[in-house]
Amino acid sequence: MPDIAKLQIGDNSYEFPLVKGSENEVAIDIKTLRGATNGMITIDPGYKNTGSCKSAITFLDGEKGILRYRGYAIEDLAEKADFLEVAYALIFGDLPTKEQLEKFHADIKSNSIVDEDVKKIIDAFPKNAHPMGVLSSLTSALVAFNPSSVNVDSEEEMYNAIVKIMGKFPVLVAWAMRKKQGLPLNYGSKSLGYVANIMKMMFEQPNEEYVANPVIKDALNKLLILHADHEQNCSTSTVRIVGSSHAGLFASLSAGISALWGPLHGGANQAVLEMLEAIKEDGGDTKKYMAKAKDKNDPFRLMGFGHRVYKNFDPRATIIKVAAHEVLQDLGIEDPILDIARGLEQEALNDPYFVDRKLYPNVDFYSGIIYRAMGIPVEMFTVMFALGRLPGWIAQWKEMRENKEPIGRPRQIYTGENSRDFVTAENR
Ligand code: ACO
């Protein structure tokens, strides 16, 4: 492999160094391009060919369907780890020792009380407000309740901010759901593990003791792990770019939640379920919807299919498909929605349109089915994704600040009007 790239523009030739990652991915380092070429830039809408940073957190190979956090295979983590261990590894670099994990968990628990005044903010939202909007606002509001900005050069301050948000975020998630359901805004219990505590906060009824179903707890643990990081996706890039202006951690996370909300990103899990419901209501004719998805004059897309980087299979979808089956079997749920999902998957896997474009089911094709079986309302699905993604966002924000990355500020090619004279209103 050469170590420089040459660019020829007219009679001028320029050289740029190649940068190699630890998995042999290669990038052309164009930092000097603008200066050397008298103002030329690259243009790459959607950043399909643009690396925004160097990162040591998550590796994925979209062609081979590989996903690893800090070098650990997603399959191993989903099978053997607790979400909190994975969160620790993402944020601090290695799986924790027993002592590190205990301390991390204890510190999170002692930070899991949210100021009572936050309840007044929740009360001000209409009941039909989308919980992603509520969560983004509440995360931003946490800044007002915790105003001191983090000195990123202090390991202790960074750690304190991390355990604070890891403790409070699940409370906000549970409250966003309970507000919609008219349930009292409760707290968890310090005696429970991180995931069991989330379940208690979300599902506990005011008149009975909550006991978590172990199959559901295991599936939720898996789902949170599978969603915990995914390198420089839309919401993570948002968190990094907002944080690059030295905006605080909570403010950056709030922006990430908004980015995740969209149906082309985290909002896809809600969109998948709504699509499957609509197909069921319409008689369950999957072929009709396959045809719509392929029709270029129809804006309909098969939600839960395709991925910007996975062009063979999404390894998270492989794991989650099995988990969905286990949960439905254990709970004895016969869900016609699942039959429709299986039908669509089979048809798409054998259809040249989908095969040629390498469109396969992504993680969100099956996650909604599990959330539904757990009794989580459809509008909360993307919130559950955010709950899983929290440690990834934190890790990426922390890395960006520790690497002292410059403020994110892309350029553009201007295509508007050239200079023109101002004309007063009466003369227009
Ligand atoms: N249904 C039908 N056709 C599709 C779909 C789909 N779900 N996805 C892509 N295509 C087609 C496009 O129309 C395009 O066809 P063309 O080449 O004939 O013009 C081709 O496949 C490539 O599509 P792009 O939009 O260019 O692919 P891109 O990488 O930009 O988009 C994305 C990826 C946004 C995920 C897209 O596949 C999509 O919209 N999928 C549905 C939404 C979804 O499930 N999002 C969740 C992503 S996973 C996550 O965020 C956790």
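The table for this structure:
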| quantity | calculated |
| --- | --- |
| Residues satisfying the stated conditions in the stretch 192-233, i.e. surrounded by fewer than 18 Cβ atoms within 10 Å (Cβ to Cβ), modelled with pLDDT of 95 or more and of a type in the set (A, V, I, L, M, F, W, C) | L192 |
| Residue in the stretch 283-296 that is farthest from L264 (Cα to Cα), counting only those that are away from the ligand (no atom under 12 Å from the Cβ) and free of Cβ contacts under 8 Å to residues at least 12 places away in the same chain | G283 |
| Pairs with Cβ under 8 Å, 6+ apart, first in the stretch 83-103 and on the phi > 0 side of the Ramachandran plot, second modelled with pLDDT of 95 or more and of a type in the set (K, R) | G93/R70 |
| In the stretch 326-338, the residues that are at pLDDT below 85 and in a helix (DSSP H, G or I) | L338 |
| Residues being more than 9 Å from V272 (Cα to Cα) and within 9 Å of the ligand (Cβ to nearest atom) - total across the stretch 357-366 | 6 |
| Considering residues of the stretch 94-122 that are over 25 Å from the mean Cα position of the chain (by Cα) and polar (S, T, N, Q) only, the residue surrounded by the fewest Cβ atoms within 10 Å (Cβ to Cβ) | T97 |
| Residue match in the stretch 272-282 (condition: closer than 30 Å to E75 by Cα, without any contact (Cβ under 8 Å) to a residue 40 or more places away in the chain and not hydrophobic (A, V, I, L, M, F, W, C)) | no |
| Selected residue [within 14 Å of A161 (Cα to Cα) and modelled with pLDDT of 95 or more] from K98, K109, K103 | K109 |
| Matching residues, the stretch 301-325, being outside any loop (DSSP other than H, G, I, E, B), over 13 Å from N269 (Cα atoms) and not β-branched (V, I, T) | P315, R316, K321, A323, A324, H325 |
| Out of G343, G304, sole residue that is more than 13 Å from the ligand (Cβ to nearest atom) and either under 25 Å from I225 (Cβ atoms) or more than 24 Å from the chain's Cα centre (by Cα) (or both) | G343 |
| Any pair with Cβ under 9 angstrom, 6 or more apart, that starts in the stretch 55-79 at a residue that is part of a strand (DSSP E or B) and ends at one that is modelled with pLDDT under 95 and among the hydroxyl-bearing types (S, T, Y) | L60/Y310; L67/Y310 |
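The values are calculated or read from the model by the stated rules, or taken from the named source; none is laboratory data. Here the structure is a predicted model, which means the values were calculated and not measured. As a convention, Cβ positions derive from the backbone with ideal geometry for all residues, glycine included, and neighbour counts pool all protein chains shown.
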